[in-house]
Amino acid sequence: MRQVVIAGASLAATHAIEALRQEGFQGDITLIGAEPHLPYDRPPLSKVALRHGPDTSELLLRAPQWYAEHAVDLRLGQPAAALDTRARHVTLEDGTEVPYDGLIIATGSQPRTLAHTASCAPVYTLRTLDDCQALHDRLVPGRHMVVVGGGFIGLEVASTARQMGLDVSVVEMAPAPLTRVLGDEVGHWFSKYHESNGVRLHCGSVIDGMEPGTRGTKVSLLDNVSLSADLVVAGVGARPATDWLEGSGVPLSDGVLCDAGLRTAAPGVVAAGDIARWYNPLFDEEMRVEQWSNAVEQGRHAAAALLGADDPYASVPYFWSDQFDAKTRFVGRANAAEHVHIERSEDSSLVALFGRDGVIRGALCVNAPRQLAVYRKAILDRIPWGDVVANDG
Ligand SMILES: Cc1cc2nc3c(=O)[nH]c(=O)nc-3n(C[C@H](O)[C@H](O)[C@H](O)COP(=O)(O)OP(=O)(O)OC[C@H]3O[C@@H](n4cnc5c(N)ncnc54)[C@H](O)[C@@H]3O)c2cc1C
């Protein structure tokens, strides 16, 4: 293999480059990125960087000279527009064709947007450094911000803005934030926690419309409530950035479909990070995971797969979220849990376990770091659900 191209210049890509060079790959590496910036870290964008304003030099994943040291040909500010898997080249937006022997698809995900926004002030989303700067500039104490969507990013933005002295309301369709994935008890704990920190929650509520209002935007909810917002932020999830792959022959289904080793059906094409949907043998489940540590590990794994490694990517997913003083850590999977067991619920800490098919599959620990490692091991060892719950008693 002479030429490796990586599409998407972010977390998975950086770790793929590192792995390629560590494994002794001496051919060309071309990194294609839609944004003008060198790869940077996203988790701070809803936390410290949103609060103080993003400082590019602090957010960079690698120092600028690192790319020269690793002999990377950077093509930034130039999105990949199409892929030809027969001729083996990526076409950039300006028409340049970049040939490859091996391609790593790592274009990540992009925020979903809201309907109802045509006639009103901009609705902010948060994915990029530029989004973070634009939102930070509007976070003025005393202003009223409405966050649509009570997922992790919406709740982190709410928490940051509240700590900066804004008045914050969160509108969530479900009876409580996070219930869709983590269930009612966990959702209600987060409701109470945010309310105790001064966030107003409108749960079980759906947006009926938005129009220009006295403060900027009038947000009408279906239950006849209307909110006056200086700014509106949509935190309604993300979708994989696969548009440029339509018609390429790479199978897509809510992400790039890969086998257990992160290889796609197209020869010489692998995928990694938020965009990859793969079969995880540890959970006997096809999954796509939008989490930091997954992008790191998959970047490395996909690089090794290109160089001929054959092992499956079998991992216990892990993510964290910081809201006010609550440090949330999650291992495993909570989706379609048959059992949810609340092991501890206090004002500022929570431990919840998730079981399915007779074994523990997931654990959520808020301000309870020690338990996390124990439950990670229990998930890996497929400890029976009855044993885990009995031991907690
Ligand atoms: C605000 C925010 C907070 C987060 N907080 C946490 C957290 O606390 N904990 C956690 O575990 N995870 C968190 N995450 C998730 C984590 O950052 C992602 O899982 C991770 O960034 C995924 O890395 P990636 O390389 O797969 O994709 P991304 O980081 O999404 O990068 C993909 C890159 O590809 C580029 N791109 C897109 N289309 C094209 C194209 N056609 N051509 C070229 N380039 C393209 C994009 O511009 C982007 O730079 C957060 C994410 C966000 C947005």
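Values in this text are rule-based calculations from the coordinates and carry no lab data. Not measured: the values here are computed from a predicted model. FYI the Cβ positions are ideal-geometry reconstructions off the backbone, even for glycines, and counts take in every protein chain you see.
Order these by the 10 Å Cβ neighbour count, fewest first: 5, 351, 340. Please list the in-between numbers first.
Values: 5 26, 351 20, 340 17.
Lowest count first: 340, 351, 5.
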Two-site FRET efficiency, residue 140 against residue 206, from Cβ-Cβ distance with R₀ of 25 Å, rounded to 0.05: 0.30
Cα→Cβ-extended label distance, 7 Å offset, between residue 101 and residue 21, nm: 1.9
In range of the label at residue 387: residues from region 353-373 whose backbone nitrogen is under 14 Å from the point 7 Å along Cα→Cβ: 358-361
Pairwise label distance in nanometres, residue 338 with residue 55, each label 7 Å out on the Cα-Cβ vector: 5.2
Residue with peak Gaussian network fluctuation, the chain [Cα springs, cutoff 10 Å], from 276, 106, 229: 229
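Give the whole-number value, in cubic angstrom per residue, of the convex hull volume spanned by the C-alpha atoms of region 113-234. Write out the running numbers ahead of the final one.
Details: hull volume 11.8 nm³, N = 122.
It is 97 Å³ per residue.
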Cα-based equivalent ellipsoid of the chain: semi-axis lengths in Å, sorted from largest, via gyration tensor: 35, 28, 18
Long-range amide H partners of residue 148 with built H, under 5 Å: 171, 233, 234, 235
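If you take every DSSP beta bridge whose two residues both sit in the chain, what share of them, in percent to the nearest 5, is antiparallel?
Working: 51 of 84 bridges.
Percent antiparallel among DSSP bridges in the chain is about 60.
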Which of 194, 37 has the fewest Cβ neighbours within 10 Å, and the rest in rising order: 37, 194
Beta bridges by DSSP in region 158-313, antiparallel share as percent, to the nearest 5: 70
Anisotropy class of region 214-362 from Cα gyration tensor, a/c 1.5 cut: oblate
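Could you tell me whether region 163-204 comes out rounded, prolate or oblate from its Cα gyration tensor? Rule is a ≥ b ≥ c as square roots of the eigenvalues, rounded for a/c under 1.5, then prolate if a/b exceeds b/c, otherwise oblate.
Working: a/c = 2.72, a/b = 1.78, b/c = 1.53.
Cα axes put region 163-204 in the prolate bin.
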In sequence order, calculated HN-Hα J values of region 261-271 (Karplus, 6.51, -1.76, 1.60; Hz; x Gly/Pro): x, 6, 8, 8, 6, 7, x, x, 10, 10, 9
Among 181, 148, 331: highest mean-square fluctuation, GNM of the chain, C-alpha pairs under 10 Å: 181
Hits among lysines - C-alpha to C-alpha of residue 47 under 19 Å, sequence gap 8 or more where chains match: 327
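Name the shape class, rounded, prolate or oblate, that the alpha-carbon gyration tensor gives for region 304-365, where a ≥ b ≥ c are the square roots of its eigenvalues, rounded holds for a/c under 1.5, and otherwise prolate holds if a/b is larger than b/c and oblate otherwise.
Details: a/c = 4.57, a/b = 1.67, b/c = 2.74.
Judged from the Cα gyration tensor, region 304-365 comes out oblate (a/c at least 1.5, b/c at or above a/b).
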Within region 57-86: backbone nitrogen closer than 14 Å to the residue 94 label point (7 Å, Cα to C-beta): 74-81
Relative exposure of 127, 344, judged by other C-beta atoms within 10 Å (fewest first): 344, 127
Cut-off under 5 Å, modelled amide H: who pairs with residue 285 long-range: 280
Amide hydrogen neighbours beyond the local backbone of residue 110, cut-off 5 Å, H modeled: 239, 241
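Given Cα pairs under 8 Å that are at least 6 residues apart, what percent is the relative contact order of the chain? Kindly include the intermediate steps, with their values, before the conclusion.
Working: 921 pairs, mean separation 59.1, N = 393.
RCO, the chain: 15 percent.
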Rounded to 5, the percent of DSSP beta bridges in region 113-234 classed as antiparallel: 40
Vicinal HN-Hα couplings computed from phi for region 71-76 (Karplus, 6.51 cos²θ - 1.76 cosθ + 1.60; Hz; Gly/Pro x): 6, 9, 8, 8, 10, 9
